[in-house]
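See below for the structure under consideration.
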Amino acid sequence: MHRFNLDGKVAIVTGGNRGIGSGIARGLLECGASVVITGRSSERNDSMVAELRKIGPPVSAITMDVSDEHQCHSTVQETVRRHGRLDILVNNAGIGGSQLPHESDISAWHRIMNTNLTSVVIMSKAAYPEIKKAGAGKILNVGSMGTELAVAGLGAYIASKAGIVAFGRSCSAAWAADNIQVNTVLPGYIDTEMTQARLQKSPFHGRWIERTAAGRIGTPDDLAGIAAFLCSSASDFITGQDILVDGGLVRGA
Ligand code: NDP
């Protein structure tokens, strides 16, 4: 199991105060990493830190907005100030948003792009020199299975997630010589506040579960194992990949 051991490693998980980010933070903590979670709500940050603290390794939070360039840079600096290094960045924070292409609201488009995609560019750029200094490391991006589907109302959201895959591949090539691996997970249909708000009340709910080979909606915990794997030395020869974690939904009959 030493290949999965993250003792002494320091990770940032954006959007780690609930949902998929909290599942990923849990996976990294269980393997021994120290974790800094981020989110805009300090109340949610505090309550998730209290819950994750039970696992063992140090965990703390930084209240910040990933759509603010300055706050992205200061998050990386504050993490290094707290722990002396940075080895792992998980770009998970994101928002949904539904609109048909012919009804596109450009301010909503920019909000989705800034939060979901531009933030990944800024956080990755800010983290790179610190991870390089550590001698090796991992960047794990959270995309979406949506990039493998045609969904009429999710153009902006899916475009932002497709951009993450493309940008991640570019980073994987640029930073391979620094021994930094960059991969993207593409979650399927996961039970979080994001899907509870609308999707779970829509006709997609039954249809997507029916298409999922596993026969159920995913949970944030379903992302914990793959995150630990892709952030550990067990995956050192895997980079520039996008990996579905969808219980078989996309490839389902
Ligand atoms: P949730 O809405 O449950 O959680 C989103 C997280 O992101 C929260 O921690 C939230 O914290 C944080 N966040 C949102 N906006 C910002 C911001 N501007 N700055 C900092 N933090 C922010 O969503 P999920 O857990 O479902 O989604 C997590 C990721 O997984 C997203 O990127 C999403 O697109 C992706 N995904 C989700 C799927 C699903 O089925 N649930 C499927 C495929 C992909 P706060 O509100 O405090 O800022």
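State the number of residues belonging to region 224-236 that are open to solvent by less than 30 Å² (accessible area, probe 1.4 Å) and either farther than 20 Å from residue 13 by Cα or not hydrophobic (A, V, I, L, M, F, W, C) (or both).
Step one: list which residues in region 224-236 are open to solvent by less than 30 Å² (accessible area, probe 1.4 Å), which gives 224, 227-228, 230-232, 235.
Imposing the further condition that a residue be either farther than 20 Å from residue 13 by Cα or not hydrophobic (A, V, I, L, M, F, W, C) (or both) reduces the set to 232, 235.
Counting residues in region 224-236 that are open to solvent by less than 30 Å² (accessible area, probe 1.4 Å) and either farther than 20 Å from residue 13 by Cα or not hydrophobic (A, V, I, L, M, F, W, C) (or both) gives 2.
Looking across region 103-162, just one residue is outside any helix (DSSP H, G or I), closer than 16 Å to residue 178 by Cα and open to solvent by 40 Å² or more (accessible area, probe 1.4 Å), and that is 135.
Here residue 100 meets the list (1) without any contact (Cβ under 8 Å) to a residue 60 or more places away in the chain; (2) within 24 Å of residue 252 (Cβ to Cβ); (3) hydrophobic (A, V, I, L, M, F, W, C) almost entirely, failing just condition (2).
Show me the strands (runs of 3 or more DSSP E) found entirely inside region 1-76 where at least 2 residues are at pLDDT below 95 and of a type outside the set (Phe, Trp, Tyr). Can you show your working first?
Values: elements: 10-13, 34-39, 59-63.
The strands (runs of 3 or more DSSP E) meeting that bar number zero.
Of all residues in region 70-105, those satisfying the criterion of being within 16 Å of the ligand (Cβ to nearest atom) and aliphatic (A, V, I, L, M) are 76, 89, 90, 93, 95. The condition of being near the ligand (Cβ under 10 Å from one of its atoms), among the small types (Gly, Ala, Ser) and crowded, with 19+ Cβ neighbours inside 10 Å holds for only one of 67, 41, that being 67.
Here is a yes/no grid of residues against (1) touching a residue at least 24 places away in the same chain (Cβ under 8 Å); (2) assigned to a helix (DSSP H, G or I); (3) surrounded by fewer than 20 Cβ atoms within 10 Å (Cβ to Cβ):
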site: 210; (1), (2), (3): no, yes, yes
site: 213; (1), (2), (3): yes, no, yes
site: 216; (1), (2), (3): yes, no, yes
site: 222; (1), (2), (3): yes, yes, no
site: 238; (1), (2), (3): yes, no, yes
site: 244; (1), (2), (3): yes, no, yes
site: 247; (1), (2), (3): yes, no, no
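Mind counting the residues in region 23-38 that are of a type in the set (Ser, Thr, Tyr) and either within 10 Å of the chain's Cα centre (by Cα) or open to solvent by less than 10 Å² (accessible area, probe 1.4 Å) (or both)?
Here is the first cut: in region 23-38, the ones of a type in the set (Ser, Thr, Tyr) are 34, 38.
In the following step, the residues that additionally are either within 10 Å of the chain's Cα centre (by Cα) or open to solvent by less than 10 Å² (accessible area, probe 1.4 Å) (or both) were identified as 38.
Total satisfying the criteria: 1.
Looking at region 63-83, which of its residues are touching a residue at least 40 places away in the same chain (Cβ under 8 Å), touching a Ser or Thr at 6+ places or on another chain (Cβ under 6 Å) and not hydroxyl-bearing (Ser, Thr, Tyr)? Result: 66, 83. Look at (1) open to solvent by 20 Å² or more (accessible area, probe 1.4 Å); (2) among the hydroxyl-bearing types (Ser, Thr, Tyr); (3) within 13 Å of the ligand (Cβ to nearest atom); (4) under 28 Å from residue 137 (Cβ atoms) and you find that residue 202 fails only one, number (4).
Pairs linking a residue in region 149-178 that is under 17 Å from residue 137 (Cβ atoms) to a residue that is exposed (fewer than 13 other Cβ atoms within 10 Å of the Cβ), with Cβ atoms under 9 Å and 6 or more positions apart or on different chains, are 178/135. Restricted to region 89-100, and to residues there that are out of contact with any Cys (no Cβ under 8 Å at 6 or more places or on another chain) and at pLDDT 95 or above, the residue that is surrounded by the fewest Cβ atoms within 10 Å (Cβ to Cβ) is 100.
In this structure, does residue 173 turn out to be of a type in the set (A, V, I, L, M) and under 23 Å from residue 101 (Cα atoms)? Against the criterion (of a type in the set (A, V, I, L, M) and under 23 Å from residue 101 (Cα atoms)), residue 173 does not qualify. A search for C-beta distances below 9 Å between a residue of region 46-59 that is in contact (Cβ under 8 Å) with a residue 12 or more places away in the chain and any residue that is among the acidic types (Asp, Glu), counting only pairs 6+ apart in sequence or on different chains, returns 55/30; 56/30; 57/7; 57/30. Quick check on residue 169: is it under 16 Å from the mean Cα position of the chain (by Cα) and open to solvent by 30 Å² or more (accessible area, probe 1.4 Å)? Answer is yes for this residue.
Screening residue 86 against (1) of a type outside the set (Ser, Thr, Tyr); (2) open to solvent by 60 Å² or more (accessible area, probe 1.4 Å); (3) in contact with a helix residue (DSSP H, G or I) (Cβ under 8 Å, 6 or more places away or on another chain); (4) farther than 23 Å from residue 199 by Cβ leaves a single unmet condition, (2).
The values are calculated or read from the model by the stated rules, or taken from the named source; none is laboratory data. In this text the structure is predicted, and so the values were computed from the model without any measurement. Every residue, glycine as well, gets a Cβ built from its backbone with ideal geometry; the counts of neighbours run over all protein chains shown. When the accessible area is computed, the model is the full protein with side chains, heavy atoms only, and any ligands, DNA or RNA have been set aside. Shrake-Rupley method; radii C 1.70, N 1.55, O 1.52, S 1.80 Å.
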